[in-house]
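Student: What follows is a structure written as structure tokens; I'll ask about it next.
The values are calculated or read from the model by the stated rules, or taken from the named source; none is laboratory data. In this text the structure is predicted, and so the values were computed from the model without any measurement. Don't worry about glycine lacking a Cβ; one is built from the backbone with ideal geometry, like all the others, and counts go over all protein chains shown.
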Ligand code: SAH
């Protein structure tokens, strides 16, 4: 038989928990959250339960279980770890028609406690009817990551304004449209942006203004990370789930786009060295057009939108046109490639600073401060540099960086086809040519890059011909397999 789902109001109602261990403590905590008058019956209590009893937050019924403990209780929870005792508590509760839960024993229970996603006043409860609590917990984790934390304050606000909203929009259809706006528009966005006072102000204004508020329009600038979908943030995932339109760069792989809402329109505005090129003005115009049409626009960029991503220019443009926006940072290529190549960007023994440098074209290379870049004990991370490896290596050497300075060149970082080339600065251009390294690749120069050899763990490691090829020892591989 399927269970009958139920949310119980336990405020000020006596509830009995039998057992004084950690499980009983967890149950008591959840019941206290719901405002129940919790009685805990057990010969001994955990330190926390004892503390709560001393504070008067719970009532302690000492000694061995007695039937009289059940008097006046609306619900009973048996959490003793002694199955005979649990069974006795359950049968005596059932005889008195009290709902009883025996922890981890659906057969003895007349009610079960679901896995809960809490955005109070919103609560989502998941039950597998006791058949697979572990699955319920996993589902809970999945859903938890999809639900915006701003939902809780949004619902609390909506609850407080409900009478006013009802009065202002007496017509049901109109009220629905108002709620759509409330749940989706600027109020929610401001709550996400940690501006609750402003959010409430906007809600008030909308109730004072004539008619219904205008359709939502906003843009979320999202960093997609370096390519591995596992490196998206939860916020990025939520934005992708809510998007109507996604304007994405070429660097964003299909595996990331696959996570977006199915019916979101995807528009590639990629700019890849040499390939199809969409002018920045065209991107701006598309952003404006879709935002003004009231669509939820996600501008999805590889890595972090503010690191060599022209995200700043796009925000300035939106700001100029009065389009509200949010920004979701992403893991930038330098951070991701370093992690996936086993190169700690800073290391107490080798580097005290990191520089993110663009080696995009002649002009940008000429204006760099090479004497500063050539100094020791710092790590350099060059973006967009595959075409300029000769120049980068030559300039650093010319300004005094040692020929033996290690480098790690990471191609397709964090993707299954990642290759890491390791060697010394003097060999860099030749080795890169030999292995036909292509964009996207990130170059790390500095003492820390030598750690790629021992610490490398992802993808293929290519090393200079002068060294032995890197083959994991069979014993290490066996240890992995075990
Ligand atoms: N905003 C992006 C950088 C865009 S510039 C970020 O924060 O990562 C594009 C350059 O980033 C590429 O030329 C390359 O140098 C680097 N890059 C991006 N993704 C990469 C990846 N998966 N592996 C190696 N380099 C990458």
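Student: Taking into account only those residues within segment 141-158 that are at pLDDT below 90 and over 19 Å from residue 328 (Cβ atoms), which is surrounded by the most Cβ atoms within 10 Å (Cβ to Cβ)?
Tutor: In the first step, residues of segment 141-158 are kept if they are at pLDDT below 90; the result is 141-149.
Checking the rest, the ones that are also over 19 Å from residue 328 (Cβ atoms) come to 141-143.
On the way: 141: 10, 142: 9, 143: 13.
Out of the qualifying residues, it is 143.
Student: Ok, one more. Here are the criteria: (1) surrounded by 14 or more Cβ atoms within 10 Å (Cβ to Cβ); (2) at pLDDT below 90; (3) away from the ligand (no atom under 16 Å from the Cβ). Tell me which single one residue 214 does not satisfy.
Tutor: (1) is the only condition that residue 214 fails.
Student: So, one more: Counting just the residues of segment 239-256 that are surrounded by fewer than 20 Cβ atoms within 10 Å (Cβ to Cβ) and either away from the ligand (no atom under 16 Å from the Cβ) or modelled with pLDDT of 95 or more (or both), which one comes out farthest from the chain's Cα centre (by Cα)? It would help to see each step written out before you state the result.
Tutor: So in segment 239-256, the residues surrounded by fewer than 20 Cβ atoms within 10 Å (Cβ to Cβ) come out as 241-242, 244, 250, 253-255.
Of the ones still in play, those that are also either away from the ligand (no atom under 16 Å from the Cβ) or modelled with pLDDT of 95 or more (or both) are 241-242, 244.
Values: 241: 13, 242: 15, 244: 20 Å.
Out of the qualifying residues, it is 244.
Student: Is it true that residue 264 is away from the ligand (no atom under 16 Å from the Cβ), in contact with a strand residue (DSSP E or B) (Cβ under 6 Å, 6 or more places away or on another chain) and over 26 Å from residue 441 (Cα atoms)?
Tutor: On the way: away from the ligand (no atom under 16 Å from the Cβ): yes; in contact with a strand residue (DSSP E or B) (Cβ under 6 Å, 6 or more places away or on another chain): yes; over 26 Å from residue 441 (Cα atoms): yes.
Spelling it out, residue 264 is indeed away from the ligand (no atom under 16 Å from the Cβ), in contact with a strand residue (DSSP E or B) (Cβ under 6 Å, 6 or more places away or on another chain) and over 26 Å from residue 441 (Cα atoms).
Quick grid of which residues meet (1) modelled with pLDDT of 95 or more; (2) under 20 Å from residue 240 (Cα atoms):
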{"site": "322", "(1), (2)": "no, no"}
{"site": "330", "(1), (2)": "yes, yes"}
{"site": "341", "(1), (2)": "yes, no"}
{"site": "351", "(1), (2)": "no, no"}
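Student: Can you tell which of 128, 80 is touching a helix residue (DSSP H, G or I) at 6+ places or on another chain (Cβ under 6 Å) and free of Cβ contacts under 8 Å to residues at least 12 places away in the same chain?
Tutor: Details: 80 fails: free of Cβ contacts under 8 Å to residues at least 12 places away in the same chain.
Testing whether each residue is touching a helix residue (DSSP H, G or I) at 6+ places or on another chain (Cβ under 6 Å) and free of Cβ contacts under 8 Å to residues at least 12 places away in the same chain leaves just 128.
Student: Please state which one of 182, 205, 212, 191 is more than 30 Å from residue 337 (Cβ to Cβ) and without any contact (Cβ under 8 Å) to a residue 24 or more places away in the chain.
Tutor: Values: 182 fails: without any contact (Cβ under 8 Å) to a residue 24 or more places away in the chain; 212 fails: without any contact (Cβ under 8 Å) to a residue 24 or more places away in the chain; 191 fails: without any contact (Cβ under 8 Å) to a residue 24 or more places away in the chain.
When all the criteria are applied, what remains is 205.
Student: Show the residue pairs meeting these rules: Cβ distance below 6 Å; 6+ apart or different chains; first residue within segment 330-348 and over 10 Å from residue 455 (Cα atoms); second residue within 10 Å of the ligand (Cβ to nearest atom) and in a helix (DSSP H, G or I).
Tutor: 331/231
Student: To continue, here is another question. Which one of these does residue 200 not meet: (1) out of contact with any strand residue (DSSP E or B) (no Cβ under 8 Å at 6 or more places or on another chain); (2) assigned to a loop (DSSP other than H, G, I, E, B)?
Tutor: Answer for residue 200: the failing condition is (2).
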